[in-house]
Amino acid sequence: MTPKPVAKAVPLRETLRAAQGPVTLLGYDATSKPLAPRSKSEAAKELAKTGKVLAAQQEMLFANGANGDRRRVLLVLQGTDTSGKDGVVSHVVGQVGPAGVRITSFKKPTAEEAAHHFLWRIRRALPPAGMIGVFNRSHYEDVLVTRVHESIDDDAWAERIADINAFERQLAESGTVLLKCFLHISYGEQRARLLARLDDPTKVWKFNPADIDERAYWSDYQSAYAAAIAATSTESAPWYIVPSDSKWYRNWAVSQLLRDALLGLELSYPAADFDVEAARARLQPPF
């Protein structure tokens, strides 16, 4: 008998990658856990192992950057309030050496930032060569909040989308690996997380009453995210929609995506550009 072909395992990045064409977030289940480990404890073990890989890869990336390699990695985290952007920074990015990471959290533009093109502050925050950059919110705020609250019209939105695509294409061509993750949570889960902040004295400082006002625009935000993802998920800068109602799954999934992005660079430590044996001889005792 001819043996049946063995099904090829589908990488997580292919499973979570946003579909081409129109996107509706109603088609993505925020509670799902595709390709997840068998349990939360198993995921924690895998996350710890992946952390060691991330640390080693980040060190090699940094070493190559110090030797003239232009490559860098930019992790873009987007999601509604309480979706877990800070959690990913802490539990995933926090496992690598701080010297090789630059984290930027984008808030409402300052007067100076608002006086420039919306990408001005983004370009200033890009990580140097050899670094992993993390954007906790990003240039996408300028096609999300602005669209929901109608501070720009459709023509201006389309122009900004074109600017973003051109900007990200330039980044990719210059050696930047873009990893764009939308942390997708449900309306009910956001409510539960907001209530949890009110119930926890150590977390209540993170609560912003304005977040309740923004919940009134939930459907508008879902539509805005879907439109932005569909318009900017490209071959060189795809979007990954990460189900994030489960915090442990969210952290595990992003760690896997970041690991794959780094491994895809096929990094190794740079070779010495001097005579190693001569240097060794010079360090021998004079007897």
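The values are calculated or read from the model by the stated rules, or taken from the named source; none is laboratory data. From a predicted model like this one, the values you see are computed outputs, not experimental measurements. Cβ: placed from backbone, ideal geometry, glycine included. Neighbour counts: every protein chain shown. All accessible areas refer to the heavy atoms of the entire protein, side chains included, with ligands and DNA or RNA removed. Shrake-Rupley method; radii C 1.70, N 1.55, O 1.52, S 1.80 Å.
Here are a few things to note about the model shown:
- Convex hull of Cα atoms in the chain, direction-averaged projection (nm²): 23.6
- Largest accessible area first, the residues Lys85, Lys203, Lys107 order themselves as Lys107, Lys203, Lys85 under a 1.4 Å probe with ligands, DNA and RNA left out.
- GNM flexibility winner over the chain from Val101, Val88, Val204 (Cα, springs under 10 Å): Val204
- Its Cα centre serving as origin, region 1-154 has a Cβ charge dipole (Lys and Arg +1, Asp and Glu -1) of approximately 720 debye.
- Normalised contact order of the chain, rounded percent, pairs of Cα under 8 Å and 6 or more residues apart: 34
- For the chain, share of DSSP beta bridges that run antiparallel, in % to the nearest 5: 5
- Measuring between alpha carbons in the structure, the pairs from Lys52/Lys107; Lys107/Lys180; Lys49/Lys203; Lys40/Lys203; Lys40/Lys108; Lys49/Lys108 lying more than 27 angstrom apart are Lys52/Lys107; Lys49/Lys203; Lys40/Lys108; Lys49/Lys108.
- Heavy-atom surface of the chain, accessible at 1.4 Å and reported per residue (Å²): 54
- Couplings for region 73-87, taken from phi via the Karplus curve 6.51 cos²θ - 1.76 cosθ + 1.60 with θ = phi - 60°, read 10, 10, 9, 9, 10, 10, x, 5, 4, 6, 6, x, 4, 5, x Hz in order; Gly and Pro are left as x.
- Helix runs (DSSP H) in the chain reaching 20 Å along axis by Cα, Kyte-Doolittle at least 0.0: 218-232
- Efficiency of FRET between His149 and Ala48 - r from beta-carbon atoms, R0 45 angstrom, step 0.05: 0.60
- Radius of gyration, Dmax [region 93-209; alpha carbons; angstrom]: 16.9, 47
- Restricting the calculation to Cα atoms, every distinct pair contributes to the Kirkwood radius of region 102-159, found to be 12.5 Å.
- Close amide H partners of Tyr240, meaning residues 5 or more places away or on another chain with modelled amide H under 5 Å apart, are Ala18, Lys180, Cys181, Phe182.
- Annotation note: trypsin sites (Lys or Arg not before Pro) in region 9-63 located in DSSP loop regions with a Cβ neighbour count of at most 13 within 10 Å are Arg38.
- Restricting region 106-160 to GluC sites (Glu not before Pro) that sit in a DSSP loop and have at most 14 other Cβ atoms within 10 Å of their own Cβ leaves Glu150.
- Share of carbon and sulfur in the accessible area of the chain stands at 55%, probe radius 1.4 Å.
- Relative contact order of region 100-181, defined on C-alpha pairs under 8 angstrom at six or more residues apart (%): 29
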